[in-house]
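Taken together, the values in this text are just the output of simple stated rules run on the coordinates, not laboratory data. Note that the coordinates shown come from a computational prediction; the quantities given were computed from them, not determined experimentally. With ideal geometry, Cβ positions are generated from the backbone for all residues, glycine too; neighbour counts draw on all protein chains shown.
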Amino acid sequence: MTKQDACPWLKVSDARPGVAARLICFPHAAAGASSFARWLTAAPPHMDIWRVQLPGREDLHLLPPVDDLRTVVPALAEATLAATSDGIPFALYGHSMGAALAHQVALALRGKDHGLLKVLVVSGRRAPQVPATRRLHHELTDPELLSVMVAAEPTSELWKRPHWRRHYFDLIRRDSAAVERIPRGQQAELAIPIVAFHGTQDQWVSEAELAAWRDATTGTFVLRHYDGGHFDHHQARNAIMLEASRACLCREGAAA
């Protein structure tokens, strides 16, 4: 059985010499593993980029989307443990919905990862204990959701084509409902560093909501910024990979 066979929701890279760190990326609502495709070529030679692929999209489009994100956490955690049995340290990075899922996987790995999980990096998502301050996507009508998405991503062709729009609206609503089924409130704290990236023009998530991630760990916390809106987190990919690399290689960075 290959690492990929162990869990179809975790896309791993082929083994190669010189790898000293791994970054596992969790996409935002309605997105798939391909949203991190450019990260594969942008990563430094010593870093592997692995990507989460949830059902209902891309090569798993025939599978129904999950109704509750917590249902995929055990399988993702076990697959991560199995795939990292070679002892290479790793980091988790999630954007928006992906940040919430990455956090749940990090919680599931506590005491099981042999100290290999070095840092959780998040962006575009309020801290787990913070309540929503705006209407959620699955609560919006089609015109309301279209207005919200066009405002956040005005140049995207997705919102101009009715067929694509119907497909993505369905995924967005299902993912939005699935992530909100994670209970808010007091959850066990992590002990690893957390690095949060805030888009200075993000109209969905405030700096204060990102800064509240400091209460999700007993480890160190740092808040970084990038110039852009909610869907511009890829502009920060080099900075995100640097934080992951420094943490995995035990260099000054994520704890600074």
For segment 12-44 and segment 88-128, what is the separation of their C-alpha centers, rounded to whole Å?
-> 15 Å
Take every Cα pair under 8 Å in the chain that's 6+ residues apart, average their separations, divide by the length, and report that relative contact order as a whole percent.
-> 21 percent
So which GluC sites (Glu not before Pro) in segment 189-256 are both in a DSSP loop and have at most 10 other Cβ atoms within 10 Å of their Cβ?
-> Glu252
Using a Gaussian network for the chain with springs between C-alpha atoms less than 10 Å apart, which of these wobbles most: Ala42, Ala31, Ala127?
-> Ala42
